[in-house]
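One structure is given here, and the rest of the page talks about it.
The values are calculated or read from the model by the stated rules, or taken from the named source; none is laboratory data. Keep in mind that what you see is a predicted model, and the values were worked out from it rather than measured. Cβ placement follows ideal geometry from the backbone for every residue including glycine, while neighbour counts extend to all protein chains displayed. Ligands, DNA and RNA are stripped out before the accessible areas are found, and what is left, the full protein with its side chains, is counted by its heavy atoms. Shrake-Rupley method; radii C 1.70, N 1.55, O 1.52, S 1.80 Å.
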Amino acid sequence: MNNNGFLGGMLLGLLLGGILAVLYAPEKGEKTRKKLVKKSGQWQGRASEALDTATGFVDKRRKKMGI
């Protein structure tokens, strides 16, 4: 079973869900686009950190299990 693929897919789904939520917010398109551009860098950083943390966790568990 590939846990890294699952976690990566989960994080991608969360990111896409956040983007869709912002796009469907009841604000003008220009305002929404500016907000999306501003937040996208933050989201990318957070997603990268979360993936690194999850990967480290999985690697530690694999070592303990001898995989």
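As a summary of the residue check, G66 satisfies the conditions (1) touching a Lys or Arg at 6+ places or on another chain (Cβ under 7 Å); (2) on the phi > 0 side of the Ramachandran plot except for the one numbered (1). For segment 45-57, how many residues are within 8 Å of the chain's Cα centre (by Cα) and touching a residue at least 12 places away in the same chain (Cβ under 8 Å)? Residues flagged as within 8 Å of the chain's Cα centre (by Cα) and touching a residue at least 12 places away in the same chain (Cβ under 8 Å) within segment 45-57 amount to 3.
Within segment 12-26, the residues that satisfy the criterion of being among the hydrophobic types (A, V, I, L, M, F, W, C) and either open to solvent by 60 Å² or more (accessible area, probe 1.4 Å) or touching a Leu at 6+ places or on another chain (Cβ under 6 Å) (or both) are L12, L14, L16, L20, A21, V22, L23. Filtered by the rule that a residue be modelled with pLDDT of 80 or more and farther than 13 Å from T55 by Cα, segment 11-23 gives L12, G13, L14, L15, L16, G17, G18, I19, L20, A21.
Which of the residues spanning segment 27-60 are open to solvent by less than 60 Å² (accessible area, probe 1.4 Å) and either outside any helix (DSSP H, G or I) or modelled with pLDDT under 80 (or both)? Passing the criteria: G29, T32, L36.
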